[in-house]
Amino acid sequence: MTLDVRSLAKRSLRLSELSLGCAQLGNLYQSITDEQARATVDASWNQGIRYFDTAPHYGLGLSERRLGNALAGRPRSEYLVSTKVGRLLESQNSHGERDDGGFDVPADYRRVWDFSRDGILRSLEQSLERLGLDHVDIVYLHDPDDHRQEVFDTAYPALEELRAQGVVSAIGAGMNQVGMLSDFAEHTDMDIFMLAGRYTLLEQTALDDLLPLCEQRRIGVVAAGVFNSGLLSRARPPDDAKYDYGDAPRELIDRARRMADICERHGTSLPTVALAFPLAHPSVVSVCVGARSPEQVIGNLDSYRSHVPSDVWSDLKEEGLLRSDAPVPTK
């Protein structure tokens with residue numbers, strides 16, 4: 001089974017329109033077994049997903065190890081892997097404590113922010129070892145929000161160097177905000193951004209500056225967090241829904257339920273529409289969705305492959321639930 005792919009404008013990389021975010025492989029919020037992690041990657045592969053995103057932060061390296069093990073033996077030329085730099089993992093005695101970063105793993109390592117050239121090189125080297133690969137295709141600066149000066153002075157030049165040497169094919173940044181990504185778009189030669197939560201059915205702030213810049217500068221965008229921490233992941237948002245990693249405000253739950261009403265009226269579902277929406281923008285090259293089980297993978301693929309009636313988009317705009325200037329799918 002195959003998926004449609006989109007090409008990165010400035011580099012010879014082709015990304016599957018739906019990609020697997022691998023934070024859950026690192027036991028995000030709850031533990032899964034090695035077998036379940038492998039089965040999740042296997043299901044993704046069997047359904048045609050060929051782009052996988054991970055990071056040292058995810059489970060203190062567990063996500064990278066599990067992803068590498070699951071991809072071992074598969075033709076390297078047939079898939080893309082991205083990982084991230086900015087957090088080095090340093091070993092420590094856990095004294096039986098668990099990680100305090102949201103992952104259900106022993107605290108055998110601590111995260112150390114490091115955007116120096118040496119830190120970037122060490123981080124990538126360690127990631128390759130955990131992944132069991134000799135190269136990754138894309139490297140992102142991971143959440144550099146509070147490290148602006150160091151990132152522009154040392155981290156970005158280090159990534160440029162790695163790209164020039166052919167160690168990585170494409171470089172970029174992954175963030176939950178549009179402002180700093182817009183600065184990267186204006187002042188660097190990055191190839192790709194991972195934008196989490198800021199271009200979704202609930203929020204289209206990226207249309208103001210970032211996405212026009214990306215279109216102008218031929219920068220690809222991977223839309224992540226399209227369910228806004230789960231608020232849009234169910235047909236009917238529950239009272240205890242999350243948004244931006246915390247409890248969703250009442251007004252956002254009500255807004256999402258109004259969207260769900262429109263979806264139901266036209267025979268589709270909120271998750272299906274949430275997955276379809278970002279792909280209508282010409283700069284978006286993939287939608288990255290996490291999963292912790294084969295069943296979740298299949299559910300995401302079913303949503304991705306489902307048709308959204310055009311009346312859904314017009315009704316969302318007419319009711320003021322979607323920006324009037326937001327591109328929407330035409331097929």
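The values are calculated or read from the model by the stated rules, or taken from the named source; none is laboratory data. Note that this is a predicted model, so its numbers are computed, not measured. In this analysis, Cβ positions are derived from the backbone assuming ideal geometry, glycine residues included, and neighbour counts consider all displayed protein chains.
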* Structure fact -> Of D191, D146, the only residue that is buried (at least 16 other Cβ atoms within 10 Å of the Cβ) and of a type in the set (D, E, K, R) is D191
* Asked: Of (1) modelled with pLDDT of 95 or more; (2) surrounded by fewer than 22 Cβ atoms within 10 Å (Cβ to Cβ); (3) aromatic (F, W, Y), Y51 satisfies all except one. Which?
  -> (2)
* With the condition kept exactly as written, say whether any residue in the range 124-131 is of a type in the set (S, T, Y), buried (at least 22 other Cβ atoms within 10 Å of the Cβ) and touching a strand residue (DSSP E or B) at 6+ places or on another chain (Cβ under 7 Å). => yes
* Structure fact -> All conditions in (1) under 18 Å from S286 (Cβ atoms); (2) in contact with an Asp or Glu (Cβ under 9 Å, 6 or more places away or on another chain) are true of A206 except (2)
* To do: Would you mind telling me which numbered condition in (1) over 19 Å from the mean Cα position of the chain (by Cα); (2) within 16 Å of L13 (Cα to Cα); (3) among the polar types (S, T, N, Q) Q165 fails?
  => (2)
* Wholly enclosed helices (runs of 4 or more DSSP H) of the range 151-225 bearing at least 1 residues under 21 Å from L279 (Cβ atoms) and at pLDDT 95 or above -> 179-187, 210-217
* Report, by residue number, each residue of the range 1-56 that is in a strand (DSSP E or B), hydrophobic (A, V, I, L, M, F, W, C) and farther than 21 Å from R163 by Cα. => V5, L18, L20, L28
* To do: Select, from Q36, Q24, the only residue that is touching a residue at least 60 places away in the same chain (Cβ under 8 Å) and surrounded by fewer than 19 Cβ atoms within 10 Å (Cβ to Cβ).
  => Q36
* **S94 more than 30 Å from T188 (Cα to Cα) and in contact with a strand residue (DSSP E or B) (Cβ under 6 Å, 6 or more places away or on another chain)** => yes
* Asked: Do any strands (runs of 3 or more DSSP E) lying entirely in the range 59-121 carry at least 1 residues that are surrounded by 15 or more Cβ atoms within 10 Å (Cβ to Cβ) and among the small types (G, A, S), and which ones are they?
  -> 80-85
* Asked: In the range 214-224, how many residues are within 20 Å of V287 (Cβ to Cβ) and either touching a helix residue (DSSP H, G or I) at 6+ places or on another chain (Cβ under 9 Å) or surrounded by 24 or more Cβ atoms within 10 Å (Cβ to Cβ) (or both)?
  -> 7
* To do: Starting from the range 285-306, keep only residues that are more than 23 Å from G267 (Cα to Cα) and in contact (Cβ under 8 Å) with a residue 12 or more places away in the chain, then list their pairs with residues that are hydroxyl-bearing (S, T, Y) and outside any helix (DSSP H, G or I) whose Cβ atoms are within a distance under 6 Å, requiring at least 6 positions of separation or different chains.
  => S286/S19; S286/Y51; C288/S19
* Considering the range 194-205 alone, what residues qualify as being β-branched (V, I, T) and either surrounded by fewer than 20 Cβ atoms within 10 Å (Cβ to Cβ) or in contact with a strand residue (DSSP E or B) (Cβ under 7 Å, 6 or more places away or on another chain) (or both)? -> T205
